Every structure is written in C-alpha cells, then in structure tokens.
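Report on one structure; see the data block that follows.
Read-outs: derived from the displayed coordinates by stated rules, not from any lab. As the structure is a prediction and not an experimental result, all values here were calculated from the model. Methodologically, a virtual Cβ is constructed for each residue, glycine included, from the backbone with ideal geometry; neighbour enumeration extends over all protein chains shown.
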Amino acid sequence: MNNVPFILLIEDDKAISNFMNTVLCANQYRVLHAQTGREAIALSSSHCPDVVLLDLGLPDMDGVEVIRTMRQWTQVPIIVVSARSREQEKVDALDAGADDYVPKPFGTAELLARIRTALRHNTQGPGQDAPSGKFQNGGLSIDYEARRINADGNEVHLTHIEYKIVTLIARHVGKVLTYDYIIRNVWGGRPTVDNQILRVNMANIRRKLEKNPAEPLYIVTETGIGYRMIDYTVD
C-alpha cells in the first residue's frame with residue numbers, strides 16, 4: 001500500500017470534505033483531512049503528502065498564507081479548490097505558489113484529472129530548467145535540441161520570444177501560469193513588458209499553432225489569470 005498516493009485534504013466544510021473523501025478513496029487514494037490552516041501546516045510537515053487539496057476559506061487563517069508557509073520547505077503540488085471567484089484571489093493563490101486552481105462547484109472527473117497531472121509532475125523531479133529531448137502532447141511536439149515545434153504534423157516557425165513562451169508553458173503542461181510568471185520567465189520582468197504585449201504574442205502563437213485560433217486546442221486562456229496548456233496525456 002506504500003505506493004498509493006497520499007493526499008492532504010484541507011477543507012472545513014464537513015459535507016464537502018466527506019464528499020471529496022469518498023471520491024478520493026473510491027479512486028484508490030489515501031486521504032488525511034485538516035480543518036484549519038494550522039492543522040494543515042503541521043500535517044503537511046509531518047506526513048509529506050503527494051498532493052495537497054486546499055480550500056482558501058479556512059476558519060483560522062487565509063489559504064494563501066497556508067500556501068506561502070508550505071512553500072518555505074516543500075514543493076508538493078498544491079491544488080486550490082475554492083468557491084472564491086474573484087480573479088485577483090485566484091492570481092494571489094497561484095503567485096503564492098499554488099500549482100492549480102479548481103473552482104467550486106467542480107466536476108469530479110476534472111478534479112481527478114488535475115490530481116493525476118499533479119502527481120505525474122511531482123514524480124518528474126528537478127531538472128526542468130533546462131529541457132532536453134522531445135516533448136509530445138497530443139498533436140503538438142517539441143524537439144528541444146533542434147528547437148523545432150510541430151503541430152498536427154506541420155512545422156511551426158516561431159520567433160525567439162514565441163518559442164520561449166510555448167516551451168515555458170509546455171514545461172508546466174496542465175498547470176495554470178499567471179501573466180506575471182510568464183513575463184518574469186520570458187522577458188525577465190522588464191517594466192516595459194505588460195499583459196498586452198504577452199497577449200499579442202499569444203495571438204500570434206495561436207495563429208501558427210492552432211487550426212482554429214478562436215477555439216484553441218493546445219494553450220487555453222484562464223480569464224484574468226494567465227494560460228494553461230491542455231494535458232492530453234491524462235488518462
């Protein structure tokens with residue numbers, strides 16, 4: 001049983017936590033439950049979970065503070081599962097170190113897919129700062145050594161900046177990357193670069209990558225937050 005993934009569920013609503021616990025156990029996950037932020041921090045440091053599911057509205061402290069505290073010692077994948085709908089609250093959670101954001105109410109199939117993605121990324125280990133080899137995700141492929149990208153069998157010619165954006169998002173496939181995160185990692189946080197410049201580059205990328213840029217199949221917009229590459233390797 002040691003190879004069964006272990007999930008720390010941080011949720012103070014008993015009805016929701018009971019439902020999520022039932023779903024997770026039915027899908028062969030081990031679950032440990034915390035109702036407060038302080039309890040969650042203590043359990044995460046002592047039990048080393050494989051994935052954390054976190055509600056932001058906890059009775060003793062804000063969930064964003066829980067994320068910041070955990071990030072002081074662990075890179076465990078943190079998936080926020082919250083009813084908060086304001087875009088800035090989502091951005092704050094992701095910028096604090098959360099890996100993904102699933103709004104309530106949620107579909108159980110989507111939540112389980114996000115968990116599988118987080119587990120797969122967590123087992124990849126370090127070394128993602130210098131990607132090598134080849135990347136395949138659905139009809140999209142990247143040859144890092146040759147610096148070539150193919151979409152649906154056709155070679156795609158990108159500018160240097162466009163290539164950096166696509167490969168950055170590909171390295172975090174399935175995860176939401178905020179606008180600020182992409183700008184910092186592509187342009188180095190230059191004060192002259194803003195979200196509008198990123199959107200222009202993304203429009204050009206979609207025109208080259210997608211069969212129908214208005215309905216992207218590879219890189220989707222998380223409105224007001226950033227971008228996410230759809231993970232076609234999820235079971």
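Here are a few things to note about the model shown:
- Projected onto planes of every orientation and averaged, the convex hull of the alpha-carbon atoms in the stretch 134-229 covers 5.8 nm².
- Helix 108-122 axis versus longest C-alpha principal axis of the chain: approximately 70°, rounded to the nearest ten.
- For the stretch 30-69, backbone nitrogen atoms closer than 14 Å to the point 7 Å from Lys14 Cα along Cα-to-C-beta are found at 35.
- Subset of Lys164/Lys208; Lys104/Lys211; Lys90/Lys211 violating a 22 Å alpha-carbon distance limit: Lys104/Lys211; Lys90/Lys211
- Taking other Cβ atoms within 10 Å as a rough exposure proxy, Val102, Val4 sort from fewest to most as Val4, Val102.
- The stretch 1-93 - convex hull of alpha carbons, volume per residue in Å³: 94 Å³
- Residue-wise HN-Hα coupling along the stretch 157-168, computed from phi with Karplus coefficients 6.51, -1.76, 1.60 (Hz; x: Gly, Pro): 9, 10, 6, 4, 5, 4, 5, 5, 5, 5, 5, 5
- Rounded tilt (10° steps) of 195-209 against the dominant C-alpha axis of the chain: 70 degrees
- Cβ-Cβ FRET estimate between Asn195 and Glu155, R0 fixed at 35 Å, reported to 0.05: 0.75
- Each Lys or Arg adds one and each Asp or Glu takes one away; over the other residues whose Cβ falls under 12 Å from the Cβ of Val51, this sums to +1.
- With eigenvalues of the C-alpha gyration tensor scaled by 5 and rooted, the chain, Å: 32, 19, 16
- Angle between the chain longest axis and helix 87-96 axis [Cα atoms, degrees, rounded to 10]: 80 degrees
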